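Single-structure report; data block below.
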Amino acid sequence: MSKYISKYFWLFCLAAITLTMLLYGAIYWAMQRPADRNIVFLIASSAYAVAMFFSGWHFGKQNGIHSDVSDNGIFIHSASYIIWGTISLAWMTLAFDVVNIAPVLSVLFFWGIGLFFHILPFIKGNDDRMNGYVKEEIFE
Amino acid sequence: MNTKKSEFQEELLEAWEASYKKGQLTLWLFLALKEKEKYVGEIRAFIEEQSQGTIICEEQSLYRTLRKFRNLEMVDFNEQEGNKGPMRKYYYLTALGEAILEQFIERNIKLFFNENLQELLFSKSIS
């Protein structure tokens, strides 16, 4: 397996795909039932946020143990962005038949800016790092 | 009163030792590999024996450190059969690892061997 990615990263991707599909499944189901819509939205999105957080925390920690990346959060963060973005756009356009996908694009835009600044030091391989390791942490 | 003072002294000493030992694993690990190539269990035993039990390290943290150092090209390993069956990774210092250890000793360890410091290190305090 690669230096930065272990099977735990792929397990996180699998969990994120499943959870995101379940979220949109719940939203789709709720849209057919206007009476329960708000409560289902609230429960589904809260459960999604909590489950994603704990998946990222658990599998990210395991990925950190079984690979050599010092900031393994950037991989979990990037995967979350790609998975959420792809599935959201797919559901919006294919299942919900929504014409206006601006809200999703807007989330992706601002989230993308945050993600960019998170991964920038890693991409740049700046002076604080050697082969991906933070210099100050190499000999700790 | 004296007991209180000696407890305080012991606490201070332990705090100093904890900070001092933090960065020492690399030196001990490199010294273990300088002697000869070793698998993780042997590295751990070498460190504990030679440091007279003052440096204790978990095998898990040794594996992690060795993997990191391997990615930084300071150590590498050969897979060889162990005494009882499974293949073992025998780690050794690469040319880069040897050069770094040599320079580190030159800059940071040898200075303790000048006469003046030797005298200071091993003489009793005046006060």
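The values are calculated or read from the model by the stated rules, or taken from the named source; none is laboratory data. Keep in mind it's a predicted model, so treat the numbers as computed, not measured. All Cβ positions, glycine included, derive from the backbone under ideal geometry; neighbour counts span all protein chains shown.
Within region A:86-140, being within 14 Å of chain B (Cβ to nearest Cβ) and at pLDDT 85 or above holds for no residue. Of all the listed residues (B:Leu12, B:Leu33, B:Leu93, B:Leu62), the sole one being modelled with pLDDT of 90 or more and within 14 Å of another protein chain (Cβ to nearest Cβ) is B:Leu62. Residues in region B:82-89: is at least one among the basic types (Lys, Arg) and either surrounded by 12 or more Cβ atoms within 10 Å (Cβ to Cβ) or at pLDDT 90 or above (or both)? Yes, region B:82-89 has at least one match. With the structure loaded, tell me whether A:Ile65 is modelled with pLDDT under 90 and out of contact with any Leu (no Cβ under 7 Å at 6 or more places or on another chain) or whether it fails that test. Here the answer is yes, as A:Ile65 does meet what is asked.
Considering A:Phe54, A:Phe59, the condition of being at pLDDT 90 or above, in a helix (DSSP H, G or I) and either out of contact with any helix residue (DSSP H, G or I) (no Cβ under 6 Å at 6 or more places or on another chain) or hydrophobic (A, V, I, L, M, F, W, C) (or both) is satisfied by A:Phe54 alone.
Taken over region B:65-80, residues that are of a type in the set (Lys, Arg) and within 8 Å of chain A (Cβ to nearest Cβ) amount to 2. Consider region B:12-31 and keep the residues that are assigned to a helix (DSSP H, G or I) and within 8 Å of the chain's Cα centre (by Cα). The one that is surrounded by the most Cβ atoms within 10 Å (Cβ to Cβ) is B:Leu29.
Here B:Phe77 fulfils each of the conditions (1) in a helix (DSSP H, G or I); (2) within 19 Å of B:Ala99 (Cβ to Cβ) apart from (1). Being in a loop (DSSP other than H, G, I, E, B) and either within 13 Å of chain A (Cβ to nearest Cβ) or among the polar types (S, T, N, Q) (or both) is true of B:Gln52. List every residue pair whose Cβ atoms sit under 7 Å apart, with the two residues 6 or more apart in sequence or on different chains, where the first one lies in region B:1-24 and is within 26 Å of A:Ile138 (Cβ to Cβ) and the second, anywhere, is polar (S, T, N, Q) and in a helix (DSSP H, G or I). Correct list of pairs: empty, since none qualify.
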